[in-house]
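Take a look at the structure set out below.
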Ligand SMILES: *Cc1c(COP(=O)(O)O)cnc(C)c1O
(Lines give C-alpha, C1' and ligand atoms only; values in the text may rest on other atoms or scores of the structure.)
Protein backbone atom coordinates (compact mmCIF):
# COMPACT_ATOMS: atom_id res chain seq x y z
CA UNK A 1 0.00 0.00 0.00
CA UNK A 2 2.69 2.43 1.09
CA UNK A 3 4.90 1.49 -1.85
CA UNK A 4 2.13 1.79 -4.37
CA UNK A 5 1.36 5.27 -3.08
CA UNK A 6 5.02 6.14 -3.48
CA UNK A 7 4.94 4.82 -7.05
CA UNK A 8 1.94 6.99 -7.71
CA UNK A 9 3.77 10.11 -6.51
CA UNK A 10 6.74 9.27 -8.72
CA UNK A 11 4.59 8.69 -11.80
CA UNK A 12 2.74 11.95 -11.22
CA UNK A 13 5.98 13.86 -10.84
CA UNK A 14 7.30 12.32 -14.03
CA UNK A 15 4.22 13.34 -15.98
CA UNK A 16 4.74 17.03 -15.24
CA UNK A 17 8.53 17.05 -15.55
CA UNK A 18 9.03 17.40 -11.81
CA UNK A 19 10.79 14.16 -11.03
CA UNK A 20 14.21 14.69 -9.51
CA UNK A 21 17.22 12.63 -10.56
CA UNK A 22 20.39 11.82 -8.66
CA UNK A 23 23.47 11.81 -10.89
CA UNK A 24 26.89 10.76 -9.65
CA UNK A 25 29.87 12.77 -10.84
CA UNK A 26 33.38 11.53 -11.41
CA UNK A 27 36.22 13.27 -9.57
CA UNK A 28 37.77 14.58 -12.76
CA UNK A 29 34.54 16.07 -14.01
CA UNK A 30 34.50 19.75 -13.11
CA UNK A 31 35.23 21.77 -16.12
CA UNK A 32 32.43 23.87 -17.39
CA UNK A 33 30.05 23.47 -14.56
CA UNK A 34 27.73 26.39 -13.98
CA UNK A 35 25.89 24.52 -11.28
CA UNK A 36 28.23 24.69 -8.30
CA UNK A 37 28.15 27.04 -5.31
CA UNK A 38 31.96 27.10 -5.18
CA UNK A 39 31.83 30.83 -5.90
CA UNK A 40 35.45 31.61 -5.05
CA UNK A 41 37.01 28.48 -6.49
CA UNK A 42 38.25 27.38 -3.06
CA UNK A 43 37.09 23.77 -3.32
CA UNK A 44 40.29 22.81 -5.09
CA UNK A 45 42.62 25.29 -3.47
CA UNK A 46 45.83 23.45 -2.54
CA UNK A 47 46.08 25.29 0.80
CA UNK A 48 42.59 24.22 1.84
CA UNK A 49 43.28 20.63 0.80
CA UNK A 50 46.61 20.64 2.58
CA UNK A 51 45.04 21.96 5.80
CA UNK A 52 42.43 19.20 5.58
CA UNK A 53 45.16 16.57 5.16
CA UNK A 54 47.25 17.95 8.02
CA UNK A 55 44.14 17.96 10.21
CA UNK A 56 43.43 14.33 9.34
CA UNK A 57 46.93 13.32 10.44
CA UNK A 58 46.58 15.27 13.63
CA UNK A 59 43.00 14.55 14.70
CA UNK A 60 41.98 11.43 12.76
CA UNK A 61 39.01 11.20 10.44
CA UNK A 62 35.98 11.61 12.64
CA UNK A 63 35.32 13.84 15.63
CA UNK A 64 34.14 10.83 17.60
CA UNK A 65 31.19 12.42 19.39
CA UNK A 66 28.76 15.31 19.62
CA UNK A 67 30.22 18.70 20.61
CA UNK A 68 29.15 18.55 24.27
CA UNK A 69 30.60 15.09 24.72
CA UNK A 70 34.09 15.01 23.16
CA UNK A 71 33.56 16.01 19.53
CA UNK A 72 34.49 19.69 19.96
CA UNK A 73 38.25 20.14 19.44
CA UNK A 74 40.55 23.11 19.83
CA UNK A 75 40.43 23.38 16.02
CA UNK A 76 36.65 23.92 16.22
CA UNK A 77 37.13 26.48 18.99
CA UNK A 78 39.77 28.47 17.08
CA UNK A 79 37.60 28.44 13.95
CA UNK A 80 34.60 29.71 15.95
CA UNK A 81 36.72 32.50 17.46
CA UNK A 82 38.18 33.53 14.12
CA UNK A 83 34.71 33.70 12.62
CA UNK A 84 33.30 35.71 15.52
CA UNK A 85 36.18 38.15 15.13
CA UNK A 86 35.72 38.41 11.36
CA UNK A 87 31.97 38.92 11.61
CA UNK A 88 32.14 41.17 14.65
CA UNK A 89 29.73 39.11 16.77
CA UNK A 90 29.90 37.78 20.31
CA UNK A 91 29.74 34.10 19.53
CA UNK A 92 29.77 31.53 16.77
CA UNK A 93 28.41 27.99 17.11
CA UNK A 94 29.33 25.36 14.54
CA UNK A 95 26.80 22.99 12.98
CA UNK A 96 27.19 20.09 10.60
CA UNK A 97 25.07 21.79 7.93
CA UNK A 98 23.24 24.99 7.17
CA UNK A 99 20.08 22.95 7.10
CA UNK A 100 20.67 21.86 10.69
CA UNK A 101 21.67 25.38 11.79
CA UNK A 102 18.50 26.98 10.43
CA UNK A 103 16.16 24.31 11.60
CA UNK A 104 17.89 24.17 14.95
CA UNK A 105 17.80 27.91 15.66
CA UNK A 106 14.18 28.35 14.67
CA UNK A 107 12.81 25.35 16.50
CA UNK A 108 14.84 26.10 19.64
CA UNK A 109 13.91 29.78 19.87
CA UNK A 110 10.23 28.86 19.46
CA UNK A 111 10.46 27.16 22.84
CA UNK A 112 10.71 30.56 24.50
CA UNK A 113 8.01 32.30 22.49
CA UNK A 114 9.73 33.36 19.28
CA UNK A 115 7.26 33.65 16.41
CA UNK A 116 8.97 33.58 13.00
CA UNK A 117 7.81 35.81 10.16
CA UNK A 118 9.40 34.65 6.91
CA UNK A 119 10.10 36.13 3.54
CA UNK A 120 8.05 33.83 1.32
CA UNK A 121 11.07 32.70 -0.68
CA UNK A 122 13.08 31.54 2.31
CA UNK A 123 14.95 28.24 2.02
CA UNK A 124 13.37 24.89 2.89
CA UNK A 125 15.59 24.56 5.99
CA UNK A 126 14.00 27.72 7.40
CA UNK A 127 10.47 26.52 6.66
CA UNK A 128 11.31 23.22 8.28
CA UNK A 129 12.27 24.94 11.52
CA UNK A 130 8.88 26.60 11.93
CA UNK A 131 6.91 24.82 14.62
CA UNK A 132 3.50 26.42 14.31
CA UNK A 133 0.93 25.12 11.87
CA UNK A 134 0.26 28.47 10.29
CA UNK A 135 3.40 30.06 8.94
CA UNK A 136 3.45 33.86 9.02
CA UNK A 137 5.15 35.10 5.88
CA UNK A 138 5.42 38.22 3.79
CA UNK A 139 5.68 38.82 0.06
CA UNK A 140 9.23 38.53 -1.18
CA UNK A 141 11.27 41.55 -0.10
CA UNK A 142 8.11 43.56 0.58
CA UNK A 143 8.74 45.56 3.76
CA UNK A 144 5.28 47.14 3.76
CA UNK A 145 3.70 43.72 3.66
CA UNK A 146 6.06 42.47 6.35
CA UNK A 147 4.88 45.31 8.54
CA UNK A 148 1.23 44.41 7.92
CA UNK A 149 1.90 40.75 8.74
CA UNK A 150 3.67 41.75 11.95
CA UNK A 151 0.78 44.00 12.95
CA UNK A 152 -1.78 41.27 12.30
CA UNK A 153 0.03 38.59 14.27
CA UNK A 154 -2.07 37.51 17.19
CA UNK A 155 0.68 37.29 19.75
CA UNK A 156 0.57 36.49 23.43
CA UNK A 157 2.30 38.95 25.76
CA UNK A 158 5.17 36.51 26.27
CA UNK A 159 5.84 36.10 22.54
CA UNK A 160 8.31 37.97 20.32
CA UNK A 161 8.29 38.05 16.53
CA UNK A 162 11.43 37.39 14.50
CA UNK A 163 11.76 38.53 10.89
CA UNK A 164 13.60 35.95 8.83
CA UNK A 165 15.17 36.52 5.43
CA UNK A 166 18.03 35.32 3.32
CA UNK A 167 20.85 37.74 2.56
CA UNK A 168 21.21 36.64 -1.06
CA UNK A 169 18.24 34.55 -2.15
CA UNK A 170 19.40 31.15 -3.26
CA UNK A 171 17.16 30.63 -6.28
CA UNK A 172 16.82 34.25 -7.42
CA UNK A 173 20.16 35.83 -6.60
CA UNK A 174 18.61 39.09 -5.40
CA UNK A 175 19.68 40.72 -2.15
CA UNK A 176 17.49 41.47 0.85
CA UNK A 177 16.84 45.10 1.83
CA UNK A 178 18.76 44.51 5.02
CA UNK A 179 18.76 48.07 6.36
CA UNK A 180 14.98 48.30 5.97
CA UNK A 181 14.44 44.90 7.55
CA UNK A 182 16.57 45.93 10.48
CA UNK A 183 14.71 49.18 10.81
CA UNK A 184 11.35 47.39 10.74
CA UNK A 185 12.51 44.86 13.32
CA UNK A 186 13.59 47.67 15.63
CA UNK A 187 10.37 49.63 15.23
CA UNK A 188 8.29 46.51 15.83
CA UNK A 189 10.25 45.12 18.76
CA UNK A 190 11.01 42.07 16.67
CA UNK A 191 14.25 40.15 16.26
CA UNK A 192 15.98 39.74 12.91
CA UNK A 193 17.49 36.55 11.55
CA UNK A 194 19.42 36.46 8.27
CA UNK A 195 20.61 33.39 6.44
CA UNK A 196 23.52 34.50 4.29
CA UNK A 197 24.46 31.13 2.81
CA UNK A 198 25.09 32.69 -0.60
CA UNK A 199 26.39 36.11 0.41
CA UNK A 200 29.21 35.16 2.75
CA UNK A 201 32.59 35.33 1.10
CA UNK A 202 30.94 36.81 -1.97
CA UNK A 203 29.27 40.19 -1.51
CA UNK A 204 30.82 43.31 -0.02
CA UNK A 205 34.40 44.46 -0.37
CA UNK A 206 35.50 42.26 2.52
CA UNK A 207 33.26 39.35 1.58
CA UNK A 208 31.23 39.72 4.76
CA UNK A 209 27.96 39.47 2.87
CA UNK A 210 25.11 41.27 4.61
CA UNK A 211 27.49 42.22 7.40
CA UNK A 212 29.82 44.09 5.07
CA UNK A 213 28.05 47.38 4.67
CA UNK A 214 26.03 47.68 7.84
CA UNK A 215 27.10 48.66 11.31
CA UNK A 216 24.37 46.78 13.18
CA UNK A 217 24.18 43.05 13.60
CA UNK A 218 21.15 40.82 13.09
CA UNK A 219 20.19 38.88 16.22
CA UNK A 220 20.99 35.67 14.39
CA UNK A 221 23.13 35.18 11.30
CA UNK A 222 23.46 31.73 9.75
CA UNK A 223 25.93 30.74 7.08
CA UNK A 224 27.35 27.64 5.48
CA UNK A 225 30.88 26.52 4.66
CA UNK A 226 29.60 24.44 1.76
CA UNK A 227 29.30 27.32 -0.69
CA UNK A 228 31.90 30.10 -1.10
CA UNK A 229 34.09 28.45 1.55
CA UNK A 230 34.30 25.35 -0.62
CA UNK A 231 34.17 22.84 2.24
CA UNK A 232 31.09 21.80 4.30
CA UNK A 233 29.51 22.56 7.65
CA UNK A 234 27.83 25.71 8.89
CA UNK A 235 27.53 28.20 11.72
CA UNK A 236 25.24 30.41 13.74
CA UNK A 237 26.62 33.83 14.71
CA UNK A 238 24.80 35.53 17.53
CA UNK A 239 25.02 37.11 21.00
CA UNK A 240 26.01 35.39 24.26
CA UNK A 241 22.48 34.78 25.51
CA UNK A 242 21.17 33.16 22.34
CA UNK A 243 24.38 31.14 21.93
CA UNK A 244 24.24 29.87 25.52
CA UNK A 245 20.58 28.98 25.10
CA UNK A 246 21.28 27.05 21.88
CA UNK A 247 24.06 25.09 23.59
CA UNK A 248 21.58 24.11 26.31
CA UNK A 249 18.60 23.34 24.12
CA UNK A 250 19.30 23.02 20.41
CA UNK A 251 18.82 19.38 19.54
CA UNK A 252 20.80 19.53 16.28
CA UNK A 253 23.75 20.86 18.25
CA UNK A 254 23.43 18.52 21.21
CA UNK A 255 22.50 15.22 19.61
CA UNK A 256 24.56 15.17 16.43
CA UNK A 257 28.21 14.23 15.87
CA UNK A 258 30.45 17.26 15.48
CA UNK A 259 32.00 17.63 12.04
CA UNK A 260 35.61 16.41 11.88
CA UNK A 261 38.32 18.63 13.39
CA UNK A 262 40.22 18.27 10.09
CA UNK A 263 37.25 19.91 8.40
CA UNK A 264 37.53 22.80 10.85
CA UNK A 265 41.19 23.17 9.82
CA UNK A 266 40.21 23.19 6.14
CA UNK A 267 37.56 25.84 6.81
CA UNK A 268 40.13 27.94 8.69
CA UNK A 269 42.43 27.83 5.65
CA UNK A 270 39.50 28.75 3.47
CA UNK A 271 38.51 31.64 5.76
CA UNK A 272 42.06 32.95 5.47
CA UNK A 273 41.68 33.06 1.67
CA UNK A 274 38.23 34.66 1.90
CA UNK A 275 39.66 37.39 4.14
CA UNK A 276 42.96 38.07 2.43
CA UNK A 277 42.27 37.52 -1.27
CA UNK A 278 39.71 40.08 -2.44
CA UNK A 279 41.00 39.51 -5.97
CA UNK A 280 38.92 36.32 -6.01
CA UNK A 281 35.80 38.44 -5.62
CA UNK A 282 37.22 40.74 -8.31
CA UNK A 283 37.47 37.85 -10.77
CA UNK A 284 34.06 36.55 -9.79
CA UNK A 285 32.40 39.90 -10.45
CA UNK A 286 34.20 40.29 -13.77
CA UNK A 287 32.72 36.94 -14.72
CA UNK A 288 29.27 37.99 -13.56
CA UNK A 289 29.46 41.12 -15.72
CA UNK A 290 30.66 39.17 -18.72
CA UNK A 291 27.78 36.74 -18.27
CA UNK A 292 25.19 39.51 -17.94
CA UNK A 293 26.53 41.38 -20.98
CA UNK A 294 26.17 38.31 -23.18
CA UNK A 295 22.74 37.54 -21.76
CA UNK A 296 21.61 41.07 -22.62
CA UNK A 297 22.92 40.66 -26.18
CA UNK A 298 20.84 37.49 -26.57
CA UNK A 299 17.81 39.14 -24.90
CA UNK A 300 17.70 36.36 -22.32
CA UNK A 301 15.03 36.48 -19.66
CA UNK A 302 17.43 36.76 -16.72
CA UNK A 303 16.06 37.55 -13.29
CA UNK A 304 17.49 40.81 -11.95
CA UNK A 305 20.53 39.75 -9.96
CA UNK A 306 23.92 41.25 -9.23
CA UNK A 307 25.27 38.15 -7.56
CA UNK A 308 26.83 34.92 -8.89
CA UNK A 309 23.35 33.37 -8.97
CA UNK A 310 21.93 34.16 -12.40
CA UNK A 311 18.54 32.53 -13.01
CA UNK A 312 17.25 32.21 -16.55
CA UNK A 313 13.51 31.94 -15.96
CA UNK A 314 11.88 29.84 -18.69
CA UNK A 315 8.60 29.19 -16.85
CA UNK A 316 7.72 25.68 -17.98
CA UNK A 317 9.44 22.78 -16.21
CA UNK A 318 9.66 20.75 -19.43
CA UNK A 319 11.44 23.58 -21.24
CA UNK A 320 13.85 24.04 -18.36
CA UNK A 321 14.74 20.33 -18.46
CA UNK A 322 15.16 20.39 -22.25
CA UNK A 323 17.48 23.35 -22.13
CA UNK A 324 19.55 21.76 -19.35
CA UNK A 325 19.73 18.59 -21.44
CA UNK A 326 20.90 20.45 -24.56
CA UNK A 327 23.55 22.25 -22.53
CA UNK A 328 24.70 18.99 -20.99
CA UNK A 329 25.08 17.48 -24.45
CA UNK A 330 27.23 20.48 -25.37
CA UNK A 331 29.42 19.92 -22.31
CA UNK A 332 27.94 22.40 -19.84
CA UNK A 333 26.33 21.68 -16.54
CA UNK A 334 23.49 23.84 -15.31
CA UNK A 335 20.63 22.66 -13.15
CA UNK A 336 16.97 23.07 -14.01
CA UNK A 337 15.23 24.26 -10.85
CA UNK A 338 11.53 23.47 -10.67
CA UNK A 339 8.53 23.45 -8.36
CA UNK A 340 8.43 23.03 -5.37
CA UNK A 341 11.92 24.52 -4.97
CA UNK A 342 10.62 27.60 -6.79
CA UNK A 343 6.99 28.70 -7.31
CA UNK A 344 4.97 27.00 -10.07
CA UNK A 345 5.50 28.27 -13.64
CA UNK A 346 8.82 29.87 -12.74
CA UNK A 347 11.07 26.93 -13.64
CA UNK A 348 14.54 28.17 -14.38
CA UNK A 349 18.10 27.35 -15.22
CA UNK A 350 20.14 28.52 -12.30
CA UNK A 351 23.55 29.57 -13.60
CA UNK A 352 26.09 29.92 -10.81
CA UNK A 353 29.28 31.80 -11.60
CA UNK A 354 32.64 31.34 -9.96
CA UNK A 355 36.01 33.02 -9.70
CA UNK A 356 37.33 29.74 -11.09
CA UNK A 357 35.63 30.31 -14.46
CA UNK A 358 37.78 31.76 -17.20
CA UNK A 359 36.52 34.28 -19.74
CA UNK A 360 36.77 31.43 -22.22
CA UNK A 361 34.39 29.23 -20.18
CA UNK A 362 31.75 31.93 -20.34
CA UNK A 363 32.34 32.63 -24.04
CA UNK A 364 31.98 28.93 -24.77
CA UNK A 365 28.75 28.70 -22.76
CA UNK A 366 27.19 31.50 -24.75
CA UNK A 367 28.39 30.06 -28.06
CA UNK A 368 26.59 26.86 -27.09
CA UNK A 369 23.47 28.69 -25.95
CA UNK A 370 23.39 30.64 -29.16
CA UNK A 371 23.49 27.45 -31.25
CA UNK A 372 20.86 25.70 -29.11
CA UNK A 373 18.40 28.59 -29.22
CA UNK A 374 18.80 28.96 -32.97
CA UNK A 375 17.95 25.31 -33.48
CA UNK A 376 15.09 25.19 -30.98
CA UNK A 377 12.55 27.96 -31.60
CA UNK A 378 10.31 26.87 -28.73
CA UNK A 379 13.18 27.14 -26.29
CA UNK A 380 14.22 30.42 -27.84
CA UNK A 381 10.74 31.80 -27.19
CA UNK A 382 10.75 30.52 -23.63
CA UNK A 383 14.16 32.02 -22.84
CA UNK A 384 14.03 35.43 -24.38
CA UNK A 385 12.24 38.67 -23.70
CA UNK A 386 9.91 39.67 -26.50
CA UNK A 387 9.32 43.25 -27.44
CA UNK A 388 5.65 44.16 -27.16
C1 LIG B 1 22.41 25.84 0.89
C2 LIG B 1 21.56 26.60 1.80
C3 LIG B 1 21.35 26.20 3.12
C4 LIG B 1 21.84 24.87 3.61
O5 LIG B 1 23.20 24.88 3.88
P6 LIG B 1 23.94 23.46 3.87
O7 LIG B 1 25.21 23.73 4.60
O8 LIG B 1 24.14 23.10 2.46
O9 LIG B 1 23.05 22.51 4.61
C10 LIG B 1 20.63 27.01 3.94
N11 LIG B 1 20.11 28.17 3.51
C12 LIG B 1 20.26 28.58 2.25
C13 LIG B 1 19.66 29.87 1.82
C14 LIG B 1 20.97 27.81 1.36
O15 LIG B 1 21.08 28.19 0.08
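The values are calculated or read from the model by the stated rules, or taken from the named source; none is laboratory data. In this text the structure is predicted, and so the values were computed from the model without any measurement. We place every Cβ from the backbone using ideal geometry, glycine too, and count neighbours over all the protein chains shown.
Restricting 54, 20, 43, 47 to those that are surrounded by fewer than 17 Cβ atoms within 10 Å (Cβ to Cβ) and within 21 Å of the chain's Cα centre (by Cα) reduces the list to 20. Please go through segment 322-356 and pick out each residue that is touching a residue at least 24 places away in the same chain (Cβ under 8 Å), more than 16 Å from residue 171 (Cβ to Cβ) and part of a helix (DSSP H, G or I). Hits for segment 322-356 are 322, 323, 326, 327. Do we have residue 148 as more than 16 Å from the ligand (Cβ to nearest atom), farther than 24 Å from residue 312 by Cα and modelled with pLDDT under 95 here? No: the conditions fail for residue 148. Could you check segment 105-122 and list, in sequence order, the residues that are within 16 Å of the ligand (Cβ to nearest atom) and over 14 Å from residue 220 (Cβ atoms)? Selection gives 119, 120, 121. Filtering segment 128-141 down to residues that are within 20 Å of residue 172 (Cβ to Cβ) and more than 14 Å from the ligand (Cβ to nearest atom), which residue is surrounded by the most Cβ atoms within 10 Å (Cβ to Cβ)? Checking each candidate, the answer is 138.
Every condition in (1) modelled with pLDDT of 95 or more; (2) closer than 27 Å to residue 258 by Cα is met by residue 34 except one, and the failing one is (2).
So, of the residues in segment 206-226 that are at pLDDT below 95 and away from the ligand (no atom under 16 Å from the Cβ), which turns out to be surrounded by the fewest Cβ atoms within 10 Å (Cβ to Cβ)? Ranking the candidates gives 215 first. Report yes if residue 91 is touching a strand residue (DSSP E or B) at 6+ places or on another chain (Cβ under 9 Å) and under 22 Å from residue 252 (Cβ atoms), otherwise no. When the stated conditions are applied, residue 91 passes them. In segment 114-122, the condition of being surrounded by fewer than 20 Cβ atoms within 10 Å (Cβ to Cβ) and assigned to a helix (DSSP H, G or I) is met by no residue.
Comparison of 125, 97 shows that the only residue that is out of contact with any strand residue (DSSP E or B) (no Cβ under 7 Å at 6 or more places or on another chain), modelled with pLDDT of 95 or more and within 14 Å of the ligand (Cβ to nearest atom) is 125.
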